[in-house]
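Have a look at the structure below before the remarks.
The values are calculated or read from the model by the stated rules, or taken from the named source; none is laboratory data. This is a predicted model, so every value here is computed, not measured. Every residue, glycine as well, gets a Cβ built from its backbone with ideal geometry; the counts of neighbours run over all protein chains shown. For accessibility, only protein heavy atoms count, side chains too; no ligands or nucleic acids. Shrake-Rupley method; radii C 1.70, N 1.55, O 1.52, S 1.80 Å.
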Amino acid sequence: MDAAAPPIVVIRNLTKSYRRGSQSIQVLSGINFDIARGEFVALMGPSGSGKSTLLNLIAGIDSADEGSIRIGEQEITRLSERELAHWRAGHVGFIFQFYNLIPVLTAYENVELPLLLTTLKRRERREHVEAVLSVVGLADRMDHYPSQLSGGQQQRVAIARAIVTDPEILVADEPTGDLDRVSAEEILQLMDRLVREFKKTVIMVTHDPRAAEKAHVIRHLEKGELSVT
Amino acid sequence: MGIPYSYSFRNLWTRRLTTLLTASGMGLVVFVFAATLMLAEGLQQTLVQTGSPDNVVVLRKSANSEVQSGVERAQAALLESQPEVAIGPDGRPLLAKELVVLINLRKRGGNKPANVVIRGVSAASLQLRPAIGLKVGRMPRPGSVEVIAGESLARRFKGCGLGETLRFGMRDWRVVGVFDAGSTGFSSEIWGDADQMMQAFRRQVYSSVIFRLKDTNAFDAYKARVEGDPRLTVEAKRETRYYLDQSEAMSRFLRILGLVLTVVFSIGAVIGATITMYAAVANRVTEIGTLRALGFQRKSILLAFVMEALLLGLCGGLLGVGAASFMQLITISTMNWASFSELAFSFTLTFGILWKSLLFSLVMGFIGGALPAVRASRMNIVEALRAT
Ligand SMILES: Nc1ncnc2c1ncn2[C@@H]1O[C@H](COP(=O)(O)OP(=O)(O)OP(=O)(O)O)[C@@H](O)[C@H]1O
Ligand SMILES: [Mg+2]
């Protein structure tokens with residue numbers, strides 16, 4: 001890795017608290033965090049430590065109380081809701097624990113969804129979708145509905161959906177949390193390949209030490225603060 | 001581009017039982033809506049077809065119908081001599097002095113009485129109504145106690161069939177013929193010789209004078225002159241106008257009744273659609289969060305759910321209109337409110353009613369889906385995603 005290259009994620013003094021009734025719970029208290037381009041980062045920590053919260057803030061689906069999050073050239077804490085949605089469509093890929101595929105859409109259509117937010121023509125979309133589905137090894141399952149696929153296959157479709165717009169960063173919240181060991185291993189290898197071969201930056205929240213092993217960097221979150229292993 | 005329509009459609013298809021039940025509720029309302037409009041339409045068409053634009057009906061001033069009207073013999077004679085009256089092939093004016101009386105007859109298979117129009121006619125009466133033709137039997141001989149009956153009446157009323165005998169006006173009248181008057185109001189009438197009828201009912205005056213115009217454009221001038229004539233206290237209307245006016249009250253009543261019923265029922269159907277759509281939103285919270293995370297705007301989510309509700313409404317509309325179109329096979333007989341006589345007509349589906357019904361179903365779907373769609377679009381992404 002080139003040490004001189006600017007980091008793709010720069011987080012400064014990030015704080016986030018949630019209100020529950022009259023009391024407010026401080027989840028993140030002054031996080032400073034840089035992620036280099038092409039890095040595979042694992043976020044670990046006890047349940048309730050704020051891992052998902054941090055990931056959601058980086059992905060631009062939650063708003064911070066204070067601090068800044070710069071991703072590439074974009075300071076995302078300054079974007080309006082509309083702008084943020086537009087930004088996410090082009091810059092972030094999401095991988096969820098429970099895959100979150102749309103049940104009434106086929107694998108093909110699920111992967112095509114993010115492309116509907118671009119100006120690509122139908123034929124170009126088809127090329128992109130077919131390309132990423134063959135990357136995840138499911139070119140022959142395009143017309144299957146999520147319910148006709150195994151958990152591992154569904155997660156691979158979800159990964160195809162996450163990379164189809166060619167975003168710089170991928171966020172994954174416990175991507176292997178719902179999978180058996182074999183499927184989990186396949187998914188981790190796939191993510192590893194995305195980093196090596198496709199130069200993606202991956203930020204993954206996980207409880208599984210085996211999953212964390214694949215990462216270049218493991219960060220621990222505890223009591224609202226980040227520490228290096 | 002937003003969320004594809006197939007997304008909305010397939011979600012409806014996936015829960016097709018719920019969709020069908022909800023759509024049936026809306027279908028029922030659309031059915032009532034369409035059916036009453038069809039009824040009003042059928043009534044109006046029947047009555048309007050009864051008239052011909054070249055014919056003029058002359059009634060006593062401010063009499064709304066033939067039943068309320070009276071035209072004295074001297075006045076009738078004066079009307080007969082007007083230059084606008086067309087002359088028939090037999091060299092006599094195409095003008096009929098008619099008497100209209102309501103009597104009570106009993107229906108076949110049951111003893112329910114109903115009002116029936118008895119029309120005393122003259123020689124020109126049949127010529128003035130080309131839509132009417134004798135189907136079986138013959139015309140009554142002038143000066144005889146013979147009558148002919150309209151087809152729908154002959155079928156439904158006691159004593160009105162060919163060869164049967166009717167008692168009214170203290171005489172027995174033999175039915176010597178049955179006439180076909182298509183779907184006009186005449187098919188619910190009994191015709192006999194006007195002079196015989198006047199004697200039987202002890203009437204001194206005719207009810208109306210009907211004639212064919214020599215020149216259809218001469219109507220306005222004729223109307224102005226005749227209505228201004230101090231010897232004549234009459235009012236002239238084109239026959240089409242006359243029957244349209246006749247149907248006005250009844251069809252307005254039907255339309256208002258339909259509207260009231262529809263509004264009341266539609267409240268239920270809309271609530272049903274709202275419940276269904278709220279359930280749909282609640283079941284798809286994670287899905288909504290996912291779509292938003294992928295970059296779809298609130299507006300797209302709103303649109304997808306509104307589309308789903310509109311499709312649901314359209315299903316209901318198609319069900320309702322489909323069911324209503326079967327009503328065309330049914331003939332209704334009811335009171336003609338203007339003359340209080342029996343009138344047979346059918347539900348008539350027009351293109352106008354069709355699109356009004358479908359539009360109405362879309363409006364119901366929209367109202368039912370609006371609040372759930374707003375809720376779906378207002379969701380917080382993180383909270384929606386945590387709902388797993
Ligand atoms: N919308 C919310 N409202 C109130 N509290 C919240 C909300 N979201 C998160 N929290 C609280 O913030 C804290 C951190 O939550 P978060 O989901 O980030 O934890 P986590 O590290 O991902 O935990 P896990 O490993 O169980 O997924 C928790 O105490 C949680 O209860
Ligand atoms: Mg979490």
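Of the strands (runs of 3 or more DSSP E) lying entirely inside the range B:101-181, those containing at least 3 residues that are within 28 Å of residue B:73 (Cβ to Cβ) span B:113-121, B:146-150, B:165-168, B:171-180.
Residues checked against (1) within 25 Å of residue A:197 (Cα to Cα); (2) among the basic types (Lys, Arg); (3) within 16 Å of ligand 2 (Cβ to nearest atom):
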| site | (1), (2), (3) |
| --- | --- |
| A:38 | yes, no, no |
| A:43 | yes, no, yes |
| A:56 | no, no, yes |
| A:65 | no, no, no |
| A:72 | yes, no, no |
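You will find that of B:293, B:280, the residue that is part of a helix (DSSP H, G or I), surrounded by 18 or more Cβ atoms within 10 Å (Cβ to Cβ), touching a Lys or Arg at 6+ places or on another chain (Cβ under 9 Å) and within 11 Å of chain A (Cβ to nearest Cβ) is B:293 and no other. If you go through the range B:92-101 one residue at a time, do you hit one that is surrounded by fewer than 20 Cβ atoms within 10 Å (Cβ to Cβ), touching a strand residue (DSSP E or B) at 6+ places or on another chain (Cβ under 9 Å) and of a type outside the set (Phe, Trp, Tyr)? Yes; the residues of the range B:92-101 include at least one that is surrounded by fewer than 20 Cβ atoms within 10 Å (Cβ to Cβ), touching a strand residue (DSSP E or B) at 6+ places or on another chain (Cβ under 9 Å) and of a type outside the set (Phe, Trp, Tyr).
For the range A:107-120, a residue qualifies if it is assigned to a helix (DSSP H, G or I) and open to solvent by 60 Å² or more (accessible area, probe 1.4 Å), but none of them does. Selection of the range A:187-215 for residues being within 16 Å of ligand 2 (Cβ to nearest atom), modelled with pLDDT under 95 and hydrophobic (A, V, I, L, M, F, W, C) yields A:211, A:212.
Results for (1) within 14 Å of chain A (Cβ to nearest Cβ); (2) assigned to a helix (DSSP H, G or I); (3) open to solvent by less than 10 Å² (accessible area, probe 1.4 Å); (4) modelled with pLDDT of 95 or more, shown as yes or no for each residue.
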{"residue": "B:255", "(1), (2), (3), (4)": "no, yes, no, no"}
{"residue": "B:265", "(1), (2), (3), (4)": "no, yes, no, no"}
{"residue": "B:273", "(1), (2), (3), (4)": "no, yes, yes, no"}
{"residue": "B:288", "(1), (2), (3), (4)": "yes, yes, yes, yes"}
{"residue": "B:327", "(1), (2), (3), (4)": "no, yes, no, no"}
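Does residue A:174 fit the bill of being open to solvent by 20 Å² or more (accessible area, probe 1.4 Å), charged (D, E, K, R) and within 16 Å of ligand 2 (Cβ to nearest atom)? It is true that residue A:174 is open to solvent by 20 Å² or more (accessible area, probe 1.4 Å), charged (D, E, K, R) and within 16 Å of ligand 2 (Cβ to nearest atom).
Only one of the numbered conditions (1) open to solvent by less than 30 Å² (accessible area, probe 1.4 Å); (2) at the interface with another protein chain (Cβ under 8 Å from one of its Cβ atoms); (3) of a type outside the set (Asp, Glu) is not met by residue A:97, and that is (1). Restricting A:169, A:218 to residues that are within 16 Å of ligand 1 (Cβ to nearest atom), out of contact with any Leu (no Cβ under 7 Å at 6 or more places or on another chain) and at pLDDT 90 or above narrows the list to A:218.
Based on this model, can you work out whether residue A:70 counts as away from chain B (no Cβ under 14 Å), closer than 26 Å to residue A:13 by Cα, in contact (Cβ under 8 Å) with a residue 24 or more places away in the chain and away from ligand 1 (no atom under 16 Å from the Cβ)? Yes, satisfied.
Pairing residues of the range A:200-229 that are surrounded by fewer than 19 Cβ atoms within 10 Å (Cβ to Cβ) with residues that are basic (Lys, Arg), at Cβ distances under 7 Å and at least 6 apart in sequence or on separate chains, gives A:228/A:219.
Do we find a residue being in contact with a Phe, Trp or Tyr (Cβ under 6 Å, 6 or more places away or on another chain) and assigned to a helix (DSSP H, G or I) anywhere in the range B:74-85? Looking for residues that are in contact with a Phe, Trp or Tyr (Cβ under 6 Å, 6 or more places away or on another chain) and assigned to a helix (DSSP H, G or I), one finds at least one in the range B:74-85, hence yes. Selection over the range A:16-61 of residues that are within 13 Å of ligand 1 (Cβ to nearest atom), more than 14 Å from chain B (Cβ to nearest Cβ), of a type outside the set (Gly, Ala, Ser) and in contact with a Ser or Thr (Cβ under 8 Å, 6 or more places away or on another chain) gives a count of 5.
Note on the range A:11-36: residues that are within 16 Å of ligand 2 (Cβ to nearest atom), open to solvent by less than 40 Å² (accessible area, probe 1.4 Å) and within 17 Å of residue B:382 (Cα to Cα) amount to 3. Checked across the range B:15-32, the condition of being touching a residue at least 40 places away in the same chain (Cβ under 8 Å) and within 12 Å of another protein chain (Cβ to nearest Cβ) holds for at least one residue.
Restricting the range A:82-94 to residues that are at the interface with chain B (Cβ under 8 Å from one of its Cβ atoms) and open to solvent by 20 Å² or more (accessible area, probe 1.4 Å), the residue that is nearest to the chain's Cα centre (by Cα) is A:90. Taking residue A:123, is it buried (at least 21 other Cβ atoms within 10 Å of the Cβ), more than 14 Å from every other protein chain (Cβ to nearest Cβ) and either more than 16 Å from ligand 1 (Cβ to nearest atom) or not in a loop (DSSP other than H, G, I, E, B) (or both)? No.
Enumerate the strands (runs of 3 or more DSSP E) found wholly within the range A:142-229, keeping only those where 1 or more residues are under 26 Å from residue A:104 (Cβ atoms).
Result: A:169-173.
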